[in-house]
Each structure stands twice: as C-alpha cells, then as structure tokens.
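Taking it in order: structure first as structure tokens, then the write-up.
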Amino acid sequence: VHHIENGEAFGELALLHAAPRSASILTTRPTELITIERSDYEHSLKAIHKQTLTERLEFLRNLPPFATNQDIDLHSIASILIPHRYGANKVVCKDKAEPEHIVFVRNGSCRIIKRLTII
C-alpha cells in the first residue's frame, strides 16, 4: 500500500483512535526502528497528531471535490495524506511519468508546464 522510508512513522492512527492496526508492516532491507510506548504517546504526541488531523480535515472540507463528503470519509482521507515540501522551481512530477498519487496544493503555488514538439 505504501513504502515507508527514513524519518517516516507508522502506528500513530491506531494509537490516536484506540483501534487495532490497519495494516502489517514488513521490512524490505535491514532496518532500525525507534518506538514510543502507548502511555508516552498519550502524554506527549497524541495532541499533536490530533491537531494535525484536525488541520487536514479543515483543509479537505475547503476543497471542491470534498465539500459534500461526510466527515467519516474525510477522516479516512485525512489520515492517509502525506505532506511534501518543495522549494521554488522544483519539479513535482514529470510529463509522461506514470502517476503515483494525486496532489493538492496546501500552501504556495505550482506552474503546469507542457513541452511541445514542433515539427
């Protein structure tokens, strides 16, 4: 479903919603993981994750494709959003590349460029 790399986390949604894990995780190469116990998460990171989810829900509610969706749908979508940051003049996706995701601009702006071949 998703490939997890250095610096990314998993398991926070299960802790946030006090629910069973929704997927299994399998290492693809020798991997070192760092964990935070449930009780420590409850005291330190839960509020941050809850705030992030709230901000994502508000963002989605303001997007035309999601304006009429029920909150339950938006919670599912908000929980799988992956933030990406780019500096100015960076390529986000390339023409003719296989699509891997849909992109929503949360902040900033992008320019769509189409290369034309003149014969």
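Tabulated data
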| read-out | value |
| --- | --- |
| Near pairs, Cβ below 7 angstrom, 6+ apart or cross-chain, from segment 1-13 (within 13 Å of residue 23 (Cα to Cα)) to any residue that is open to solvent by less than 90 Å² (accessible area, probe 1.4 Å) and outside any loop (DSSP other than H, G, I, E, B) | 12/49; 13/79 |
| Qualifying position, being more than 19 Å from the chain's Cα centre (by Cα) and among the basic types (Lys, Arg), among 29, 85, 21 | 29 |
| Cross-chain or 6+ apart pairs with Cβ under 6 Å, segment 100-119 first and on the phi > 0 side of the Ramachandran plot, then open to solvent by 100 Å² or more (accessible area, probe 1.4 Å) and at pLDDT 85 or above | none |
| Any hit, segment 41-53, residues being exposed (fewer than 12 other Cβ atoms within 10 Å of the Cβ), over 14 Å from the mean Cα position of the chain (by Cα) and not in a helix (DSSP H, G or I) | no |
| Members of segment 71-113 found to be of a type outside the set (Ser, Thr, Tyr) and not in a loop (DSSP other than H, G, I, E, B), listed by number | 71, 72, 73, 74, 75, 77, 78, 80 |
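The values are calculated or read from the model by the stated rules, or taken from the named source; none is laboratory data. Owing to the predicted nature of the structure, the values given are computational and were not obtained by experimental measurement. All Cβ positions, even for glycine, are placed from backbone atoms using ideal geometry, and neighbour counts span all protein chains on display. The area values use the complete protein model at the heavy-atom level, side chains included, leaving out ligands, DNA and RNA. Shrake-Rupley method; radii C 1.70, N 1.55, O 1.52, S 1.80 Å.
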